[in-house]
1. Here's a check for you: in region 93-109, which residue that is part of a helix (DSSP H, G or I) and without any contact (Cβ under 8 Å) to a residue 60 or more places away in the chain is surrounded by the most Cβ atoms within 10 Å (Cβ to Cβ)?
2. Which condition breaks for residue 13 when tested against (1) touching a helix residue (DSSP H, G or I) at 6+ places or on another chain (Cβ under 9 Å); (2) farther than 19 Å from residue 147 by Cβ; (3) at pLDDT 90 or above?
3. Please find, among 90, 136, the residue that is within 20 Å of the chain's Cα centre (by Cα), in contact (Cβ under 8 Å) with a residue 24 or more places away in the chain and more than 30 Å from residue 171 (Cβ to Cβ).
4. Looking at region 65-76, can you tell me whether even one residue there is over 17 Å from the mean Cα position of the chain (by Cα), assigned to a loop (DSSP other than H, G, I, E, B) and in contact (Cβ under 8 Å) with a residue 60 or more places away in the chain?
5. Just name the residue that is nearest to residue 161 (Cα to Cα) out of those in region 1-31 that are in contact (Cβ under 8 Å) with a residue 60 or more places away in the chain and assigned to a helix (DSSP H, G or I).
6. In region 156-166, is there at least one residue being surrounded by 14 or more Cβ atoms within 10 Å (Cβ to Cβ), modelled with pLDDT of 95 or more and out of contact with any helix residue (DSSP H, G or I) (no Cβ under 6 Å at 6 or more places or on another chain)?
7. Can you confirm whether region 116-127 contains a residue that is crowded, with 18+ Cβ neighbours inside 10 Å, touching a residue at least 24 places away in the same chain (Cβ under 8 Å) and more than 16 Å from the chain's Cα centre (by Cα)?
8. Inside region 41-92, can you point out the residues that are exposed (fewer than 14 other Cβ atoms within 10 Å of the Cβ), under 16 Å from residue 144 (Cβ atoms) and either modelled with pLDDT under 95 or touching a helix residue (DSSP H, G or I) at 6+ places or on another chain (Cβ under 6 Å) (or both)?
């Protein structure tokens, strides 16, 4: 099987099912940006922290579910769909790492070591994926759990970045105003 089909040469792409849309549609923007987050999460692994790496691998699988969910305007019950338990999993991880971290006293500059900086980059792109998904949801019916997951994922990536930097004894820097 060839990797190229030439079906997208006219600026349209297939969704799940019989639907074709413009490559510039809000649906493509939403799941394409989730794909970008997934690639960035893959770029940060391995972090050198086994617990974080295991969680990032699971997050990558969840992001594939979001992509499939957003690519399907007419899902059936057996199609991949974002579920509330994925959101709860993120919240459990965030809460556990928050206990390990010093309380946040002010904004911090994104950065730190390589893994921490990459996680901050993934977080920023995750916020864009969330915005793109909100726009799609304003125009079409989507699974509301996708927006919630992306919102919580950006929080998780922020906390993961802080944990990685702290474990590597890299001080956080605060902005000066």
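The values are calculated or read from the model by the stated rules, or taken from the named source; none is laboratory data. None of the values given here were measured: they were computed from a predicted structure. Here Cβ is always computed from backbone atoms with ideal geometry, including for glycine, and neighbour counts include all displayed protein chains.
1. Here the residue is 96.
2. (3)
3. 136
4. Looking through region 65-76, at least one residue is over 17 Å from the mean Cα position of the chain (by Cα), assigned to a loop (DSSP other than H, G, I, E, B) and in contact (Cβ under 8 Å) with a residue 60 or more places away in the chain.
5. Result: 30.
6. Yes: one or more hits.
7. Among the residues of region 116-127, not one is crowded, with 18+ Cβ neighbours inside 10 Å, touching a residue at least 24 places away in the same chain (Cβ under 8 Å) and more than 16 Å from the chain's Cα centre (by Cα), which makes the answer no.
8. Within region 41-92, just 84 meets the criteria.
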